[in-house]
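The values are calculated or read from the model by the stated rules, or taken from the named source; none is laboratory data. The structure presented is a predicted model; accordingly, all values stated were derived computationally and were not measured. Every residue, glycine as well, gets a Cβ built from its backbone with ideal geometry; the counts of neighbours run over all protein chains shown.
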Amino acid sequence: MTENLPIRKPTRLKDYDYSSAGAYFITICTHNRKNILSKIVGEGSPLPQLTTNGKLAEEYVLKINEKYPCVKIDKYVIMPNHMHLILRIDNDGRGNPSPTVSNVVGWLKYSITKQINRNHDTAGNIIFQRSFHDHVIRDYDDYLKIWEYISTNPAKWQDDCFYTE
């Protein structure tokens with residue numbers, strides 16, 4: 001049965017400790033890239049207008065630090081069918097062991113999915129695609145470039161690789 005499944009390319013850096021102190025650029029997409037989180041509205045400098053699901057997603061993004069005290073969200077944007085986050089782990093000994101990026105993203109996706117399904121009285125609806133994209137932010141210039149990308153993502157929505165009508 002498994003011979004029909006596509007071979008997935010590993011998305012993590014080999015031998016990298018994803019609980020290490022540092023900043024990570026995370027992208028989480030909705031299942032089948034459905035536009036369920038926001039609409040991009042406005043002329044000139046458009047912004048995401050969050051749907052009920054998007055507001056719920058934002059609520060849980062902002063709760064990450066409550067769940068994981070050594071993890072901060074420096075910047076985020078909730079687009080129609082994906083979210084970008086700069087997630088920072090400050091491994092100062094408070095988290096023992098410190099959560100990994102996968103732990104944090106897994107908790108976030110699970111919590112949002114559970115609450116959306118509860119709100120819509122559905123069970124088992126898949127809200128997010130499997131896995132997520134991560135990028136280890138290597139230096140200050142990389143951090144600034146990603147910060148700018150997140151800030152300008154709504155204005156470039158129609159040119160975005162995730163864009164769907």
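One table, with the values for the structure above:
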| read-out | value |
| --- | --- |
| Count of residues meeting criterion [over 19 Å from T27 (Cα atoms) and of a type in the set (S, T, N, Q)] in region 85-144 | 8 |
| Contacts under 8 angstrom Cβ, first residue in region 149-165 being surrounded by 15 or more Cβ atoms within 10 Å (Cβ to Cβ), partner modelled with pLDDT of 90 or more and in a helix (DSSP H, G or I), 6 or more apart | F162/R33 |
| Residues being among the aromatic types (F, W, Y), in contact (Cβ under 8 Å) with a residue 40 or more places away in the chain and over 17 Å from S151 (Cα atoms) - total across region 19-74 | 1 |
| Restricting region 106-129 to residues that are free of Cβ contacts under 8 Å to residues at least 12 places away in the same chain and closer than 15 Å to M83 by Cα, the residue that is farthest from the chain's Cα centre (by Cα) | Y110 |
| Single condition T164 does not satisfy, out of (1) at pLDDT 95 or above; (2) of a type in the set (V, I, T); (3) more than 15 Å from the chain's Cα centre (by Cα) | (1) |
| Test result for H133, surrounded by fewer than 17 Cβ atoms within 10 Å (Cβ to Cβ) and touching a residue at least 60 places away in the same chain (Cβ under 8 Å) | yes |
| Any chance K63 is among the basic types (K, R) and exposed (fewer than 13 other Cβ atoms within 10 Å of the Cβ) | no |
